[in-house]
1. Relative to the Cα centre, what is the charge dipole magnitude of segment 1-101, using +1 at the beta carbon of each Lys and Arg, -1 at the beta carbon of each Asp and Glu, and rounding to the nearest 20 debye?
2. Could you go through segment 125-131 in sequence order and give the Karplus-derived ³J(HN,Hα) for each residue, using 6.51 cos²θ - 1.76 cosθ + 1.60 with θ = phi - 60°, rounded to whole Hz, and x for Gly and Pro?
3. Just report the Cα centroid separation between segment 51-86 and segment 101-164, whole Å.
4. From the gyration tensor of the Cα coordinates in segment 115-244, what semi-axes in whole Å does the equivalent ellipsoid have, largest first, with each one equal to sqrt(5λ)?
5. Using only Cα atoms, tell me the angle between helix 18-28 and the longest principal axis of the chain; keep it within 0 to 90° and round to the nearest 10.
6. Charges at C-beta only: +1 for Lys and Arg, -1 for Asp and Glu. How large is the resulting dipole of segment 84-134 about its Cα centre, in Debye rounded to 20?
7. Convex hull volume of the Cα atoms in segment 175-279, per residue, in Å³?
8. Subtract the Cα-Cα distance of Ala296 and Ala313 from 0.36 nm times their separation in residues, and report this length gain in nm to one decimal.
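The values are calculated or read from the model by the stated rules, or taken from the named source; none is laboratory data. Because the structure is predicted, anything quoted here is derived from the model rather than measured. Note that each Cβ is placed from the backbone with ideal geometry, even for glycine, and that neighbours are counted across all protein chains shown. The area values use the complete protein model at the heavy-atom level, side chains included, leaving out ligands, DNA and RNA. Shrake-Rupley method; radii C 1.70, N 1.55, O 1.52, S 1.80 Å.
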Amino acid sequence: MTTEAPVCVIVVNHNGGALLSRCIDSLAAQTVLPRDVVVVDNLSTDGSAAFLETLSGPLAGRVRLIAPGANLGFAAANNLAAGLTREPWIALLNPDAFPEPRWLEALADATVRHPDVAMFGSTQIDAESPGRLDGAGDVYHASGLVWRGHHGAPVSELPPEGEVFAPCAAAALYRRDAFLAAGGFDEGFFCYCEDVDLGFRLRLAGERCVQVASARVLHVGSAITGRRSGFATYHGTRNRVWMFVKNMPAPLLIGLLPVHLAVNGLMLARGAVLGQGGPMLRGLRDAVRHIGPVLAERRAIQARRRLSAAGVARAVDWSVTGLLARRARPLDGPSRRAAGPLPDAPMK
């Protein structure tokens, strides 16, 4: 008898090449299979998703290939897929993330242990260096910067299961009703930071996130867009500003705005040294130029907010050492050492 979980796994593909087939093969090898799999192909030109039309094996009959005829971006493509399933849970999986056989089983078990939790994160292991962590939960700093916690730390230093600010959407599980009630990902973001932004909005709605240590995936990381590409730098810069403006409760927004501006200035100076000044400057320019709709969203988000400003303050990271070393502070336990120095830690 096939063991399955009431989960729809969503994979958004754009010229994923051999990565997509490896991802699907890893999904087919799960000890617990998802009931539903939706692959959204964002106008790939490499034919990487064609094999899904004749897929055989454990996932045969479970996989739907959706081709919207345009590159919708990561955010909108996931929202599209979330609206096409009726499973109570949706698991997001990047084409460059390859889950270990017990990945989905571990996430499903976690929902039983934590019935009141709407978000679950996975342990991401560096696919090119399996002894190192690629990330274990996303961190939101009071300055408005975000990063993958524990990036670069030895796998032996992986913290136990516990609460974090938000899951990294490269391999995450969301309760579908909470995802939809929050409006899903902000499609204006296109990609980058949309997962932390959603996690922030879900927290404001009173939800929490648990990082599941035993749910493991190998992750290549930015295999399609490039970790330090102009595309990634532009969207990451713009979206961090929008996320801060939308979600920070007024007392924190007013108090932290000078810090946010100063940190963005420092990031711009650093980006210029690293050859990223142009796309970073364009990101800041467009963040301000298109701030009107963001302010309108802010009013709606804050009107629905259930978490107090003090609760938000407790959930974000305030430490200078965390900012410099990319530490991840578990929300229900002490800080642990996490990542490499500032230039090497991947920004969201």
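1. On the way: 5 positive and 9 negative charges, 41 e Å.
It comes to approximately 200 debye.
2. After applying 6.51 cos²θ - 1.76 cosθ + 1.60, I find 10, 4, 5, 8, 9, x, x Hz.
3. 25 Å
4. Details: eigenvalues 94, 78, 30 Å².
The equivalent ellipsoid of segment 115-244 has semi-axes of 22, 20, 12 Å.
5. So the helix axis and the longest Cα principal axis differ by about 70 degrees.
6. Details: 4 positive and 9 negative charges, 36 e Å.
About 180 debye.
7. On the way: hull volume 14.7 nm³, N = 105.
In segment 175-279, the Cα hull volume divided by residue count equals 140 Å³.
8. Details: separation 17, 0.36 × 17 = 6.12 nm, distance 2.29 nm.
Using 0.36 nm per residue and subtracting the Cα-Cα distance, I get 3.8 nm.
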